[in-house]
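The values are calculated or read from the model by the stated rules, or taken from the named source; none is laboratory data. Predicted, not measured: the structure shown is a model, and the values here were computed from it. Quick reminder, even Gly has a Cβ in these numbers, built from the backbone with ideal geometry, and neighbours come from all protein chains shown. Accessible surface areas use protein heavy atoms only, side chains included; no ligands, DNA or RNA. Shrake-Rupley method; radii C 1.70, N 1.55, O 1.52, S 1.80 Å.
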2 protein chains.
Amino acid sequence: MSKGLLIVISGPSGAGKGTICKELLKELDLNLSISATTREPRKGEVDGTNYFFISKDKFQEMLLNNEFLEHAEVYSNYYGTPKEYVFDMLEEGKDVLLEIDIQGALSIKEIYPDGVFIFILPPSMEELKNRIEKRATETKEAMIKRLDAAYKELKYVFKYDYGVLNDTVDSAVDNINSIIKAEKCKVNRQIHLIKNIEEA
Amino acid sequence: MSKGLLIVISGPSGAGKGTICKELLKELDLNLSISATTREPRKGEVDGTNYFFISKDKFQEMLLNNEFLEHAEVYSNYYGTPKEYVFDMLEEGKDVLLEIDIQGALSIKEIYPDGVFIFILPPSMEELKNRIEKRATETKEAMIKRLDAAYKELKYVFKYDYGVLNDTVDSAVDNINSIIKAEKCKVNRQIHLIKNIEEA
């Protein structure tokens, strides 16, 4: 059996990662990576489904034991991707989907370069601006800051394997589906199959 | 505009390259690479469609001028893939399909590593044997020799980017379609697009 693929979906804020990932999970046979967090569960959130809710002590312990693929602090709460949870699924031949910001994706790439690193590109800077403005849950200043960060983040596309344009969700999902199929055809991911043929 | 892709379909005799390429040309927007040959046209063959029919002198001249992507001698006739014909289409953004034996594919890879090198795998050695036996236009001895060569050729799969299993023509064509779409999403093939976004 071949190992599963770790599919990392990343990109700047406002590029549409979240919507694309929801659609991918609906259409394809993928398993979502679940983060561990020290923040309190919100109403309706289920431990082991939305997050693994853990204490700060436990997080600290896991961090010291090098048990995260990546981790980050957001508003005094800690978030991390548990390595074992992801690696176990990959070993079982399951494909894992991981949605994450650019910093997190680059950390994962260092630990697991075998992943498939996909950068979601906004159709244009104009459209990116519109999308960020539409969210507008923040002050104008915060929004400008966020937009400026998104501009800068675009340049990180060159650290990824693939850049998928999010002009429509359907076309982005179709391209990612093709990327997954193609990656499974890569010779270096098919050692098992080829060995079988040789020995037949 | 992005450059076109050079899609090289290769693999052992009996793996089903020819059938797959015919179907790819029907279903996708691909341009077939046309070989130059010194052999006489057969009934119905059209110059510039089936082959470029050229004299031995002309072939020699092109060879000396390094105008072939690859070339081979088969039964005292010469065959070669004209570089200019292929490269012109790629520059125009057209995708080019090239069906070729393993030796030819590896020569092309040295000159043009940017190509997409796809190895067609028979579903099993058993099936490969059946297919070669079915052709049976040769003596039993020649057939055994051909089968033995096919076994040895399978190991060249490791020199390719992708290995596509030809269990059914439909699934092989679907996988190659995905490979083409995925290759177009590769970051290093999208410099143009990304530049546009940055400058927008």
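The helix-based estimate of mean residue ellipticity at 222 nm for chain A, built from -39,500 (n - 2.57) per DSSP H run of four or more residues and divided by its residue count, is -14000 deg cm²/dmol to the nearest 500.
For the protein assembly as shown, what class follows from the C-alpha gyration tensor (a ≥ b ≥ c being the square roots of its eigenvalues): rounded when a/c is under 1.5, otherwise prolate if a/b is larger than b/c, else oblate? Note, shape of the protein assembly as shown comes out prolate. For B:Ile132, the accessible area of its heavy atoms, probed at 1.4 Å with every protein chain present, is near 10 square angstrom.
For the residue pairs A:Lys159/B:Lys186; B:Lys58/B:Lys109; A:Lys186/B:Lys22, the C-alpha atoms sit more than 20 angstrom apart in B:Lys58/B:Lys109; A:Lys186/B:Lys22. With protein chains left intact and a 1.4 Å probe, residues in chain B average 54 Å² of accessible area per residue. The listed residues B:Met1, B:Met143 rank as B:Met1, B:Met143 when sorted by accessible area, largest first, using a 1.4 Å probe. With its label point put 7 Å out from Cα toward Cβ, B:Asp101 sits 5.7 nm from the same residue's point in the other copies, in order from shortest. Take the accessible area of B alone and of A alone, subtract that of the pair with a 1.4 Å probe, and the total buried over both chains is about 2600 Å². Using the Karplus relation 6.51 cos²θ - 1.76 cosθ + 1.60 with θ = phi - 60°, the per-residue 3J(HN,Hα) values for the range A:29-45 come to 8, 10, 10, 6, 6, 10, 7, 8, 9, 9, 7, 5, x, 7, 3, x, 6 Hz, with x marking Gly and Pro.
Across the range A:34-94, C-alpha contacts under 8 Å between residues 6 or more apart give a mean separation that, scaled by the residue count, equals a relative contact order of 35 percent. What does DSSP give for the range A:34-94 in terms of the percent of beta bridges that are antiparallel, rounded to the nearest 5? DSSP beta bridges in the range A:34-94 are roughly 70 percent antiparallel.
Averaged over its residues, how many other protein chain Cβ atoms are within 10 Å of peptide B:152-164's Cβ atoms? Partner Cβ neighbours, averaged per residue: 4.
Given a 1.4 Å probe and the protein chains as shown, B:Val169 ends up with an accessible area of around 50 Å². About the centre of its Cα atoms, the protein assembly as shown shows a dipole size close to 60 debye [charges on the beta carbon of Lys, Arg (+1) and Asp, Glu (-1) only; nearest 20 debye].
Electrostatic tally near B:Gly4: other residues with Cβ closer than 12 Å to its Cβ, Lys and Arg +1, Asp and Glu -1, net -3.
Counting only DSSP beta bridges with both residues in the protein assembly as shown, the antiparallel share comes to about 30 percent.
With label points defined 7 Å past Cα in the direction of Cβ, position A:Phe87 shows copy-to-copy spacings of 4.8 nm, given to one decimal and shortest first. Proximity of backbone amide H atoms, modeled 1.01 Å from N, is registered between A:Phe52 and A:Ser35, A:Ala36, A:Thr37 at under 5 Å, excluding neighbours fewer than 5 places apart on the same chain. Based on the reciprocal of the average 1/r between different C-alpha atoms, the Kirkwood radius for the range A:45-200 equals 18.5 Å.
Beta bridges assigned by DSSP with both partners in chain B are antiparallel in approximately 30 percent of cases. In whole Å, how far is the Cα centre of the range B:138-164 from that of the range B:74-118? Comparing the Cα centres of the range B:138-164 and the range B:74-118, I get a distance of 20 Å. Between identical copies, the spacing of A:Asn130 label points, each set 7 Å from Cα toward the C-beta atom, reads 5.4 nm from nearest to farthest. Computed from phi, the 3J(HN,Hα) profile of the range A:8-25 under the Karplus parametrisation 6.51, -1.76, 1.60 (θ = phi - 60°) reads 9, 9, 9, x, x, 3, x, 7, x, 3, x, 4, 4, 5, 4, 5, 4, 5 Hz, with x in place of Gly and Pro.
Just the protein heavy atoms count here, and of the accessible area of the range A:52-175 at 1.4 Å, carbon and sulfur take up 48 percent.
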